[in-house]
């Protein structure tokens, strides 16, 4: 009897979490009804169903609808997508959405460790993660952690790697960029992962012509160069402030 009660409690908790997930992402009624209908037809009344296992099990068209609903606007709002002009390439973005894989992490879990190959770009759709260098990292950046949350992503090196390869090894993904930072969850996190080989296939088989791909790559290169210069300038200002503070103390 006690075992049955515990099982029922777990089932109710899962059902509550599923309804909460549907509510958080504000699915349109048609999509929400399709998801609920699929659960009713595919699972037993007392079967344990969670979001983690549900999304990969959905029929292809419904899974695509879920991915697009959650991720399309997020992709369009990313600075790199807007700056490169790719926000207007909806078919390309839809293909990216269709290939995304849902990932779920408990709090205080490592997603990427410093020195790991970056084989995916992670788009955060729920929760908070920290990205930082270990105590062995060099430079002032090792003393700070950057907070990433819904609407942000990790893995810019892979985006640049695929969009603007400078060697055949990069183009074939026989080598990958290595992470200079740790990516660790602070809360429970929902993210969608764009795997390196999926992105490479989409990017090179996209409807964009060679000229458009080249122009987008150049714009992305300029974007990262400008971002690095801003980051370096901010680091110099910060070092100057620390030097001034120490001088006034001593």
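Hey, could you check the stretch 37-60 for residues that are over 21 Å from residue 98 (Cα atoms) and loosely packed, with under 13 Cβ neighbours inside 10 Å and say which is modelled with the highest pLDDT? Restricting to residues being over 21 Å from residue 98 (Cα atoms) and loosely packed, with under 13 Cβ neighbours inside 10 Å, the top hit is 37. Does the stretch 132-140 contain at least one residue that is in contact with a strand residue (DSSP E or B) (Cβ under 6 Å, 6 or more places away or on another chain), within 22 Å of residue 176 (Cβ to Cβ), at pLDDT below 95 and assigned by TED's automatic domain parsing to the domain that holds residue 194? Looking through the stretch 132-140, at least one residue is in contact with a strand residue (DSSP E or B) (Cβ under 6 Å, 6 or more places away or on another chain), within 22 Å of residue 176 (Cβ to Cβ), at pLDDT below 95 and assigned by TED's automatic domain parsing to the domain that holds residue 194.
Quick grid of which residues meet (1) crowded, with 17+ Cβ neighbours inside 10 Å; (2) modelled with pLDDT of 60 or more; (3) over 22 Å from the mean Cα position of the chain (by Cα); (4) not in a loop (DSSP other than H, G, I, E, B):
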| site | (1), (2), (3), (4) |
| --- | --- |
| 194 | yes, yes, no, yes |
| 200 | yes, yes, no, yes |
| 206 | yes, yes, no, no |
| 214 | no, no, yes, yes |
| 235 | no, no, yes, yes |
| 238 | no, no, yes, yes |
| 242 | no, no, yes, yes |
| 248 | no, no, yes, yes |
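Go through the residues of the stretch 106-113 one by one and say whether even a single one is over 18 Å from the mean Cα position of the chain (by Cα), on the phi < 0 side of the Ramachandran plot and modelled with pLDDT of 80 or more. No: the stretch 106-113 contains no residue that is over 18 Å from the mean Cα position of the chain (by Cα), on the phi < 0 side of the Ramachandran plot and modelled with pLDDT of 80 or more. When 72, 100 are checked against the criterion of being touching a helix residue (DSSP H, G or I) at 6+ places or on another chain (Cβ under 6 Å), surrounded by 13 or more Cβ atoms within 10 Å (Cβ to Cβ) and outside the structural domain of residue 188 (by TED's automatic domain parsing), a single residue qualifies: 72.
Of the residues contained in the stretch 160-172, none is found to be modelled with pLDDT of 95 or more, surrounded by 15 or more Cβ atoms within 10 Å (Cβ to Cβ), assigned by TED's automatic domain parsing to the domain that holds residue 94 and outside any loop (DSSP other than H, G, I, E, B).
The values are calculated or read from the model by the stated rules, or taken from the named source; none is laboratory data. Bear in mind the structure is a predicted one, so any value in this text is a computation, not a measurement. When we count neighbours, we look across all protein chains shown, and the Cβ atoms used for this are built from the backbone with ideal geometry, even at glycine.
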